[in-house]
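J.: Below is one structure. I have some questions about it.
The values are calculated or read from the model by the stated rules, or taken from the named source; none is laboratory data. As the structure is a prediction and not an experimental result, all values here were calculated from the model. Neighbour counts run over all protein chains shown; Cβ positions are idealised from the backbone, glycine included.
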Amino acid sequence: MVRLMSVIAHILSFLCSQDASRSFAIAGHLLPVCQRCAGLYLGMGVTFVYLLLKRDYRRDLPPRSIVYVNVACLLAMPIFGFHLLDPGPAWRLWSGLVYGNAIVFLLVPAASIISNEGRRTGCHTEPSTTSFWIFFAFLNGIPLWFPAQSVWFYYAGLLFMLVGLLCAAFCVSVVTVLLIKKLFMSAVLKGVNNEYARSQDSRL
Amino acid sequence: MNTQEVKTVGCRKAWIAFVAASSCLLIYVMACVMSPPGWSPDSSKIAILVTLPGEQEHPKEFALFVYDIATGAHTLLDEVKADGVLSAPAWSPDGKWIAYYKVEPTPSEQVRPSSEPNAALSIGERPVNTPEDKPDRSAPSTPAEQLFSEENQMLPPFMFELAEERVKDKNDVETFDVKLVIATPDGKERETLQVMKWVGGDDDRGSMVLMRPTWSPDCKRLFYVRSIESECYTASIDIATGTTYAHLLSAPPNPVVSPDGKWVASYLEDDDTLIASRIDGSVCKYFKLDLEIGDDGPPMLDFTFWSPDSRKILLVDKDSVLHSIDIASGQTEFYENPDANSIAFPTISSTDKKLYYLGGFRTDEEGPPPQTISLKRMDLEGKRTRTIFTFRMPEISRDDGGGVFSISPNGKVVLARAVMHDAFEKERTVLIFWDGKTQKIVKTDRWLLKPLYGDSNLIFEERLIGKWRREDGRITIAKGTQEKTYKLTWVEEDKERHAVANLVRLKGMTFLGVFLDESLVEPGSHLLPDMFMRVVQTEPKLTLQAIEYNELAELLQKAAESIRPEDVGTEGISEFERAK
């Protein structure tokens, strides 16, 4: 267990400054990421689980109202991320949570559509949009009580963070593999100077 | 739009969303990894343990402060009262945390022998981060397991078990809880990393004042000493996971960690055996020293440190001579350069990796106090020494050994913590800073005091103004430069002294709050005088009665409405006649 925690902390050291003075301590254990990164990966993990359960990501990109909210969340990050405003741990966590939520809400459906070559299973409905708002309200409420001082909570939080991280890594990997495969197909099998293949790719 | 076009448009939007989301994630991660640390160890602040005035031997109150040398601001980190103890603080190498031991003022507990497996070890609540909380260890069920809760990385392994056996054999063992705490220098965040049992009595609690935890160079691990009566061992805690390891049997003082973070060193109880152990528990070396170290000297391990390449342990012996021990070969080397002799309070600079020390310092209590001290620098490889600056010592009390010195990590400032006498011949704890050009004296006793009055209590009495005299002296009271202040000049034994005072009305009595340093009558300090004088009467004679801060605080607390004269007594009363 100790070795696993060391490995996780080491991996996360490439992604976070791990500033101990700005990290949550849960039941005497210090999270291996700073408060904002904890929010980011937690937000990504929780949102990914939500999307998996709802299966909304297979339908289409989020409707316009959700995209607007997500873009607003993405734009809010520089204000907090560059310390223009730094009102404390709860705000750091919140800015990470909504940022992570926005990233996954865009990344997962996009990766799904790209990997399925543009195919979608339907479109977003009123209930699915409503459930997003409920979920978004839940996310915004997390900083009000986070963290609970329990070792179980520590490990549960860490698990969600890893899920969020793996989700992003998986999406990027899938799309990268697909991209490499396409490039390989077009460059090697069809020939670099194959005008027909190039026109087919440009249509995509 | 046909199906193919819908797919193409959908795919394009998906690509935009994908690229946008991935870029945002990438930008955020890069920004977070590359963000600069909030605070750096630039020798601009010190963390210091302060006790109440007049309680140098057995303090009743401890407080840890961070003092900003440039601004003079001091920030309270932590405090304990009554039977509690705080240890000396230790900055983390990145300057973000300050670590220390803390004993809460709780009654000591009795551990029954482990032959009674159901014996209750502790009373009250179980500490937050006891070994039971650790996920990778089963819950300790016996007292010995709580006392030896670390994972054993000690070589040979049976030493840990031997120490455990010794405790098991004892019938009644007095224990107390010691917290290992880290706090941010701004005092806003504080965390207890570990609560551990120590076996011992009042002497062991008292000795904690001289101890401090030791950080690993990467700030990920904190080394601490655990006392099991006559046995002590050095252990460490992984800050991220909370896992603890026992490394070596040692004497009580602070362990020293090598700059590469791979070795930890300490001494055996007999003082002449140095132990160096690899932190991963793979190697442990014992070096029998043919040197006189410790005994009546200052705490030994403050005079033991690693060379910057982590290959040698350097130590200063009883005669203040520097020696080095090669960890690989065990060879002891004597630094023969005559200038290197008389090394005191050595430190390896964090900036140029050279040895800085005080030369000309004598620890001999029989001899006269040192008048002139030099800050010196030694190149450890070339053994060349150079004097950085020389300074004259002010008159300090010899009761506490002539002061405790330290050199800043950048090797530019010398700090002494000493006791000086004020104008009333009272002992005051001070910090004295030298930077080669100036000497700065900071009084710390006041830091622990809480104001006994506010601005609303300040009054002004014209009748106090004038010249007053008695048989062995005279006092002149004039209007001060600031509102509601007095300027005092008194002459005793042909010595003239000056002070500033406030007049305050507290629960029916009038007191002069006397500030010995005129600059203290300024915002923030003007409610904390150096001493109080009760103004018993002003006509026909001026009658003053000296009263200590603690006495006045107690009187104010006890008195429901007004303080009665019989509560104050008649001690320390002086009468003055108005001089013509």
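J.: Which number in (1) in a helix (DSSP H, G or I); (2) over 15 Å from A:Tyr41 (Cβ atoms); (3) over 19 Å from the mean Cα position of the chain (by Cα) marks the one condition that A:Gly141 misses?
T.: All conditions are met except number (3).
J.: Separate question: Out of the residues in the stretch A:12-26 meeting the condition of being at pLDDT below 70 and in contact with a Phe, Trp or Tyr (Cβ under 7 Å, 6 or more places away or on another chain), tell me which one is farthest from the other protein chains (Cβ to nearest Cβ).
T.: A:Ala20
J.: Another question about this same structure. A:Ser112 fails exactly one of the following numbered conditions: (1) among the hydroxyl-bearing types (Ser, Thr, Tyr); (2) under 19 Å from A:Ala72 (Cα atoms); (3) facing another protein chain (nearest Cβ under 10 Å). What is the number of that condition?
T.: For A:Ser112, the failing item is (2).
J.: Given the criteria at pLDDT below 90 and more than 9 Å from every other protein chain (Cβ to nearest Cβ), does A:Val7 qualify?
T.: For A:Val7, the condition - at pLDDT below 90 and more than 9 Å from every other protein chain (Cβ to nearest Cβ) - is met.
J.: Being modelled with pLDDT of 65 or more and more than 7 Å from chain A (Cβ to nearest Cβ) is the filter; apply it to the stretch B:1-34 and report the residue that is nearest to the chain's Cα centre (by Cα).
T.: Top of the filtered list is B:Met30.
J.: Within the set of pairs 6+ apart or on separate chains, which have a first residue in the stretch B:154-183 that is within 24 Å of B:Tyr286 (Cα to Cα), a second that is part of a helix (DSSP H, G or I) and modelled with pLDDT of 70 or more, and C-beta atoms under 6 Å apart?
T.: Close Cβ pairs satisfying both conditions: B:Met154/B:Phe160.
J.: Tally up the residues in the stretch A:116-135 that are of a type outside the set (Val, Ile, Thr) and either surrounded by 17 or more Cβ atoms within 10 Å (Cβ to Cβ) or at pLDDT 85 or above (or both), please.
T.: Total meeting the criteria: 8.
J.: Counting only residues that are assigned to a helix (DSSP H, G or I), within 11 Å of chain B (Cβ to nearest Cβ) and farther than 14 Å from A:Met161 by Cα, how many does the stretch A:27-56 have?
T.: 0
J.: Does the stretch B:35-51 include one or more residues that are buried (at least 16 other Cβ atoms within 10 Å of the Cβ), modelled with pLDDT under 75 and closer than 22 Å to B:Asp204 by Cβ?
T.: Yes, the stretch B:35-51 contains a residue that is buried (at least 16 other Cβ atoms within 10 Å of the Cβ), modelled with pLDDT under 75 and closer than 22 Å to B:Asp204 by Cβ.
J.: Of the numbered conditions (1) more than 30 Å from A:Leu97 (Cβ to Cβ); (2) modelled with pLDDT of 90 or more; (3) among the polar types (S, T, N, Q), A:Ser173 fails exactly one; give the number of that condition.
T.: So the condition that A:Ser173 fails would be (1).
J.: Assuming A:Leu183 fulfils every condition listed in (1) within 21 Å of B:Ser22 (Cα to Cα); (2) more than 14 Å from chain B (Cβ to nearest Cβ); (3) surrounded by 15 or more Cβ atoms within 10 Å (Cβ to Cβ) apart from one, which condition is it?
T.: Against the list (1) within 21 Å of B:Ser22 (Cα to Cα); (2) more than 14 Å from chain B (Cβ to nearest Cβ); (3) surrounded by 15 or more Cβ atoms within 10 Å (Cβ to Cβ), A:Leu183 comes up short only on (3).
J.: Now for a separate question. Any residue in the stretch A:177-198 that's closer than 17 Å to A:Ile114 by Cα: show its pairings with residues that are at pLDDT 65 or above and not in a loop (DSSP other than H, G, I, E, B) at Cβ separation under 7 Å, as long as the two are six or more apart or on different chains.
T.: Listed pairs, sorted by first residue: A:Leu178/A:Ile114; A:Leu178/A:Ser115.
J.: Hey, another quick one. Within the stretch B:211-261, which residues are under 20 Å from the mean Cα position of the chain (by Cα), among the basic types (Lys, Arg) and either away from every other protein chain (no Cβ under 14 Å) or assigned to a loop (DSSP other than H, G, I, E, B) (or both)?
T.: B:Arg212, B:Arg226
J.: Considering only residues of the stretch B:175-209 that are more than 14 Å from chain A (Cβ to nearest Cβ) and surrounded by fewer than 16 Cβ atoms within 10 Å (Cβ to Cβ), which is farthest from B:Ser44 (Cα to Cα)?
T.: B:Gly201
J.: Can I ask one more? I'd like to know if the stretch A:30-42 contains one or more residues that are of a type in the set (Gly, Ala, Ser) and at pLDDT 75 or above.
T.: Yes, the stretch A:30-42 has at least one match.
J.: Output the residues belonging to the stretch A:90-107 that are among the aromatic types (Phe, Trp, Tyr) and over 22 Å from A:Leu31 (Cα atoms).
T.: Scanning the stretch A:90-107 gives a single hit, A:Phe105.
J.: Additional query: Quick one: would you say B:Leu488 is assigned to a loop (DSSP other than H, G, I, E, B) and modelled with pLDDT of 80 or more?
T.: Against the criterion (assigned to a loop (DSSP other than H, G, I, E, B) and modelled with pLDDT of 80 or more), B:Leu488 does not qualify.
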